[in-house]
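Q: This is the structure I have questions about; it appears just below.
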Amino acid sequence: MTQQRLETAMLRAGLSSAALAACVGVDVKTVNRWLAGRLPHRRTRLQVAEKLGETEESLWPASRPDAQPGAPSTAEVLAAYAHRAEIPNDLWVSLVHKATERIDIIGYAYPFVFELLPKASELIAAKAKSGCVVRLGFADPDCDHVIERDTLEQMGGTLPGRIRNALSMLGPLADSPGCAVGLHTTHLYNSVFRFDSEMIVTPYLFRARGYQHTALYLRRLSPHGIFESFADQFEQIWGTTTPFRTEVDHGFTA
């Protein structure tokens, strides 16, 4: 199968064994051995893949077990915390600062994100204006299931107010180009905080509050890994949100 993939890619690129050998600086006999099933050294694999317009894992799947479904070598979990409150503040701050392409967050209320830095909202708004896609999802404080969640977490009726407080902290983010703020009515089983290819996920515990939930610090290594599973969940929930606007009837002051 591997040799067939390589041969097909060479035919598609219009390269003979001799031509490919010349491109990557090896003997034609070496290319013929690859076509017979031998695995090239990694540096050479990368050169061949680039020349043929393919990826290393598409030509030699066995060479990239991290890119295969269910592979234990993905090692996408960088750290695990018994409670979200145990995540070092420096880690949160570094994730916000480093993000240049995407910031995706979805949860019920997460005012702590806007308390990480004196001007966190302004910083994220500046990133959005520079091309970073920012999507922030909050629970609709007026929906029925927020009251159910409030009861479940024994918050004494304070969750709607906490959501409104978080929304009031958006500042320039509420109307910043490149930033979308949405309200959802979905029963969540975890919160997702994505910053480019890194993510913190907090799976919910029964009757525990946000800061008490467990947390996983993830880095994307594979399209089949745990990171992608939570990224896909974000997309599905985000698709149900309605745009947030600072309207008087909700009492928001962002």
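Q: Kindly give the semi-axes, whole Å and largest first, of the ellipsoid equivalent to region 184-224, taking each as the square root of 5 times a Cα gyration tensor eigenvalue. Provide the component values of the computation, followed by the final result.
A: Values: eigenvalues 92, 30, 15 Å².
Value: 21, 12, 9 Å, ordered largest first.
Q: Restricting to the chain, what percent of DSSP beta bridges are antiparallel, rounded to 5?
A: Values: 20 of 31 bridges.
Of the beta bridges lying entirely in the chain, close to 65 percent run antiparallel.
Q: What's the long-distance tail for the chain, i.e. % of Cα pairs beyond 27 Å? Display every interim value, and only then the final one.
A: Numbers: 15850 of 32131 pairs.
For the chain, the share of Cα pairs beyond 27 Å comes to 49 percent.
Q: Where Lys and Arg each count +1 and Asp and Glu each count -1, what net charge lies around Asp196 among other residues with Cβ under 12 Å from its Cβ?
A: Details: positive: Lys98, Arg102, Lys127, Arg194, Arg219, Arg220; negative: Glu101, Asp104, Glu198.
Here the count lands on +3.
Q: Quick check for you: which residues of region 39-59 have the amide N under 13 Å from the point 7 Å beyond the Cα of Gln3 toward its beta carbon?
A: 39
Q: Relative to the present Cα-Cα distance, how much length would full extension add between Tyr189 and Ala71 at 0.36 nm per residue of separation? Each step should come with its number before you reach the end.
A: On the way: separation 118, 0.36 × 118 = 42.48 nm, distance 2.47 nm.
Net length gain for the segment: 40.0 nm.
Q: Whats the longest run of the chain with zero GluC sites (Glu not before Pro) that are DSSP loop and have at most 13 other Cβ atoms within 10 Å? All intermediate terms of the calculation are to be shown ahead of the outcome.
A: Details: sites that count: Glu101, Glu247.
Value returned for the longest uninterrupted segment is 102-246.
Q: Across the chain, how many lysine pairs, 8 or more positions apart or on different chains, have C-alpha atoms separated by under 20 Å? Please give the number.
A: On the way: Lys29/Lys51; Lys98/Lys119; Lys98/Lys127; Lys98/Lys129; Lys119/Lys127; Lys119/Lys129.
Step by step, the pairs that qualify in the chain add up to 6.
Q: Report the per residue volume, in Å³, of the convex hull enclosing the C-alpha atoms of region 61-125.
A: Values: hull volume 9.7 nm³, N = 65.
About 149 Å³ per residue, rounded to a whole number.
Q: With no solvent and one point per C-alpha, what does the Debye sum give as log10 I(q)/I(0) for region 1-107 at q = 0.11, 0.20, 0.23 Å⁻¹?
A: One equal scatterer on each Cα of region 1-107 leads to -0.55, -0.99, -1.23.
Q: When the Kirkwood hydrodynamic radius is evaluated over all pairs of different C-alpha atoms of region 137-253, what value in angstrom, to one decimal, is obtained? Let's see the in-between values first.
A: Details: mean 1/r = 0.0646 Å⁻¹.
Hydrodynamic radius (Kirkwood, Cα only) of region 137-253 equals 15.5 Å.
Q: Hey, got the Cα dimensions of region 50-189 along the principal axes, in Å, largest first?
A: Projected onto the principal axes, the Cα atoms of region 50-189 cover 58, 36, 28 Å.
Q: Mind listing which trypsin sites (Lys or Arg not before Pro) in region 15-103 are in a DSSP loop and have 15 or fewer other Cβ atoms within 10 Å?
A: Sparse-neighbourhood loop trypsin sites (Lys or Arg not before Pro): Arg38.
Q: Return the equivalent ellipsoid semi-axes of region 107-178 as a descending list in whole Å, where each equals the square root of 5 times an eigenvalue of the C-alpha gyration tensor.
A: Calculated on Cα positions only, the semi-axes equal 27, 12, 9 Å.
Q: While we're looking at this one, here's another question. Provide, for q = 0.16, 0.25, 0.27, 0.29 Å⁻¹, the log10 of I(q)/I(0) from a solvent-free Debye sum over equal Cα point scatterers in region 29-76.
A: -0.48, -0.94, -1.03, -1.10
Q: Right, next: Quick check: net charge around Lys98, other residues with Cβ under 11 Å of its Cβ, Lys/Arg +1 and Asp/Glu -1?
A: Values: positive: Lys127; negative: Glu101, Asp196, Glu198.
Taking every Cβ under 11 Å from that of Lys98, the sum is -2.
Q: Do any chymotrypsin sites (Phe, Trp or Tyr not before Pro) in region 117-210 lie in a DSSP loop with no more than 10 other beta carbon atoms within 10 Å, and if so, which? Please list the in-between numbers first.
A: Numbers: sites: Phe138, Tyr189, Phe193, Phe195, Tyr204, Phe206; in loops: Tyr189, Tyr204, Phe206.
Listed in order of number, the matching sites are Tyr189, Phe206.
Q: List the trypsin sites (Lys or Arg not before Pro) in region 132-222 that DSSP assigns to loop (not H, G, I, E or B) and whose Cβ has at most 13 other Cβ atoms within 10 Å. Which are they?
A: Details: sites: Arg135, Arg149, Arg162, Arg164, Arg194, Arg207, Arg209, Arg219, Arg220; in loops: Arg207, Arg209, Arg220.
Those that pass, being in a loop and sparsely packed, are Arg207.
Coordinate-derived values only; no laboratory data. Since the model is a prediction, treat every value here as computed from it, not as a measurement. Cβ: placed from backbone, ideal geometry, glycine included. Neighbour counts: every protein chain shown.
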